[in-house]
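The values are calculated or read from the model by the stated rules, or taken from the named source; none is laboratory data. Everything quoted here is computed from the prediction, not taken from an experiment. Please note: Cβ atoms are built from the backbone with ideal geometry, for glycine as well, and neighbour counts cover all protein chains shown.
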C-alpha cells in the first residue's frame with residue numbers, strides 16, 4: 001500500500017466524499033467579502049455550491065441584476081482567490 005502525506009490523504013478523502021461542496025461553500029463565504037466587497041456581502045443571504053455551480057441568494061432586485069451582469073468576472077475572482085477552478089457557473093436567485 002502506498003504511503004500518502006496527511007495533506008494528500010485529506011485531499012483524496014474530500015475528493016471522494018460529499019463533503020467537498022460544503023467545505024468549498026464555507027471557503028467561498030469566508031472570502032466573499034474580500035472578493036465582492038462589503039456592500040454586496042452585506043446583502044447576500046446565502047451561498048451554496050452544487051456540481052461546481054455557485055448559487056447566490058439575495059432579496060435585493062438591483063443586486064441580483066448587477067450580479068447577473070458580472071457572472072464571468074465573479075467566477076474569475078473566486079477561482080483566483082481559491083487558486084483552482086472550483087466554480088464554472090453562477091446562478092443568482
(request) Read through the list (1) in a helix (DSSP H, G or I); (2) farther than 14 Å from residue 79 by Cα; (3) in contact with a helix residue (DSSP H, G or I) (Cβ under 8 Å, 6 or more places away or on another chain), then give the number of the only condition that residue 22 fails. (result) (3)
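Would you pick out the residues in the stretch 29-46 that are out of contact with any helix residue (DSSP H, G or I) (no Cβ under 6 Å at 6 or more places or on another chain) and either within 18 Å of residue 86 (Cβ to Cβ) or not in a helix (DSSP H, G or I) (or both)?
The initial filter retains those residues of the stretch 29-46 that are out of contact with any helix residue (DSSP H, G or I) (no Cβ under 6 Å at 6 or more places or on another chain), namely 29-30, 34, 36-40, 42, 44-46.
Listed by number, the residues that qualify are 29, 30, 34, 36, 37, 44, 45, 46.
Which is buried (at least 16 other Cβ atoms within 10 Å of the Cβ) and either part of a strand (DSSP E or B) or touching a residue at least 24 places away in the same chain (Cβ under 8 Å) (or both), of 49, 75?
On the way: 75 fails: either part of a strand (DSSP E or B) or touching a residue at least 24 places away in the same chain (Cβ under 8 Å) (or both).
Result: 49 is the single residue among 49, 75 that is buried (at least 16 other Cβ atoms within 10 Å of the Cβ) and either part of a strand (DSSP E or B) or touching a residue at least 24 places away in the same chain (Cβ under 8 Å) (or both).
Residue 34: in contact with a strand residue (DSSP E or B) (Cβ under 7 Å, 6 or more places away or on another chain) and exposed (fewer than 12 other Cβ atoms within 10 Å of the Cβ), yes or no?
Numbers: in contact with a strand residue (DSSP E or B) (Cβ under 7 Å, 6 or more places away or on another chain): no; exposed (fewer than 12 other Cβ atoms within 10 Å of the Cβ): yes.
Against the criterion (in contact with a strand residue (DSSP E or B) (Cβ under 7 Å, 6 or more places away or on another chain) and exposed (fewer than 12 other Cβ atoms within 10 Å of the Cβ)), residue 34 does not qualify.
Residues to consider are 63, 82, 54; find the one that is surrounded by 12 or more Cβ atoms within 10 Å (Cβ to Cβ) and modelled with pLDDT under 90. Before you say what the answer is, go through the steps one by one.
Working: 63 fails: modelled with pLDDT under 90; 54 fails: modelled with pLDDT under 90.
Just one listed residue meets the conditions, 82.
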